[in-house]
Structures are given as C-alpha cells and as structure tokens.
Amino acid sequence: MPVPTDGPTVDRTLLRDDVYERLCDAIVDGTFAPGEQLRDAELAAWLGVSRTPVREAVLRLAQAGLVVAQPGRSTSVSALDLQAVRDAAAVVAAMHQLAVRDAVPALTEAHLREMREANDRFAAAIEARDLRAALRADAELHRIPVVVAGNRAVVTVLDQFTPVLRRAVRLRFASPEAQESLRRHDELIRRCAGGDVDGAAAIALHTWHSLTPGEPGHPDAADQARGGGGAPTGQVG
C-alpha cells in the first residue's frame, strides 16, 4: 500500500532507533508489502522527520534483510526469504538459549513476575487477535532473561538477526500455533522459577528453532512471501 498520509509522527528529538522501529513495524504488519518501493521523501513526510534518519534506518533494514536497497536507484520491501528465516532462527535460538542459561540463577521474583505479566498480555492479545500487541508482549517476555544475562554480544547478535524473524513470528501468532507459543511461555517461566537451568535453556532453544515458515501446514507462508492473501494486518477480527 502507499505510504500513509496520516498517523502519528515521531518526535524530532527521538533517536534514529525510533524511525527504524516504525519502519520495521510497518513492514512486519504489512503496511508496506513485499516488493513495494519505499521513497525517502515520502517516508520522512509520513514520520515527520528529516531524510537523514530515514536513510540510516533504511540501511539498517537492508542489513536485516527486510528491504533491498540499490544505491542511486530504489529501495523495495524484500519478500519473506524462508532460508534466511531458518538461518536467523538457528542463530537467534542459540543466543536465547545462552541468555536463559546465564540468567536463570540471577532471576528474581520481580523478574519472574514481569515475565508472567508479559505472558498474560500475550494471552490477552492472542484472544483479541491483536497481532501487534502479541508481538510486543512476546518481545517483552523474551527480553527479560536477555537483559538479566547482561551479555552485550548476545544483544548485538539478536539486534542483527531478530528483525528478519518478525514477519515469521507474526504468521505463527495469526495461526493456531499461537496457543503452542503460550504453552511454551508458561513452561519457560515455570522452569525459570524452579531454577531448572538446562530445562529453561532447552525451551528457549526450541521456541526459536521451531520457527520454520514454509513447512507443510504452516498457514499463509506462501502468501506472505508473495505479499498477498495472508493474515490481515494490525488488529484482526
């Protein structure tokens, strides 16, 4: 779809990361479809910022595999590359496994409560078929062990490879597999609370390693790759 002409703008005082996140979200939720051309001037006007943070964000999106940028020519939203998703899922799974393994002994009751509250928000979002809220709650839950682990290298790797997974995660949450994600969250929290380092790490690994759109029976993967016919964007239902 064309770049929207309305909607909230980004405060000019905010960092480049905010522009990147807005554009990343717009690709993930289908506002910008695979193959659609993105123009710096239109994006800057939509977000209410100068072209500089937009250009920087587009470079990051290209590095993450979400857009194809051709210097001096055009930038377009990339199709869902199933092999890239599988490759990224393997790396992200290993990083979350490491983070959870390091974090479990240091998790406090406050951390566990935050994880439970995030999972409650996730469950409510899935029930309401609000995919944007589900993605946000899921990210908040998994971020807690990563922050507690405090491994900057893990954070750097996740920042690089997680964005390419977000469209695939959205497909999962739009399908009956969302209930399986909820059960995995419950099991992860239970094992973390029980101090089961190996068990919690195994759950974290499996959660991300199993993210394989395009496998037989996975809903909407082919449509999403083509840019049409998949689950509706934003609020569903």
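The values are calculated or read from the model by the stated rules, or taken from the named source; none is laboratory data. Bear in mind that the values here come from a model prediction, so they are computed numbers and not experimental data. Reconstructed Cβ throughout: ideal geometry from the backbone, glycine too, with neighbour counts over all protein chains shown.
(1) among the acidic types (Asp, Glu); (2) outside the structural domain of residue 168 (by TED's automatic domain parsing); (3) under 28 Å from residue 211 (Cβ atoms): which one isn't true of residue 40, the others all being true?
Only one criterion is unmet by residue 40, namely (3).
For the range 73-106, which residues satisfy the criterion of being touching a residue at least 24 places away in the same chain (Cβ under 8 Å), over 16 Å from residue 198 (Cβ atoms) and of a type in the set (S, T, N, Q)?
74, 75, 76, 78 - these are the residues of the range 73-106 that are touching a residue at least 24 places away in the same chain (Cβ under 8 Å), over 16 Å from residue 198 (Cβ atoms) and of a type in the set (S, T, N, Q).
If you check residue 81 against the conditions, is it of a type in the set (Asp, Glu) and at pLDDT 90 or above?
No.
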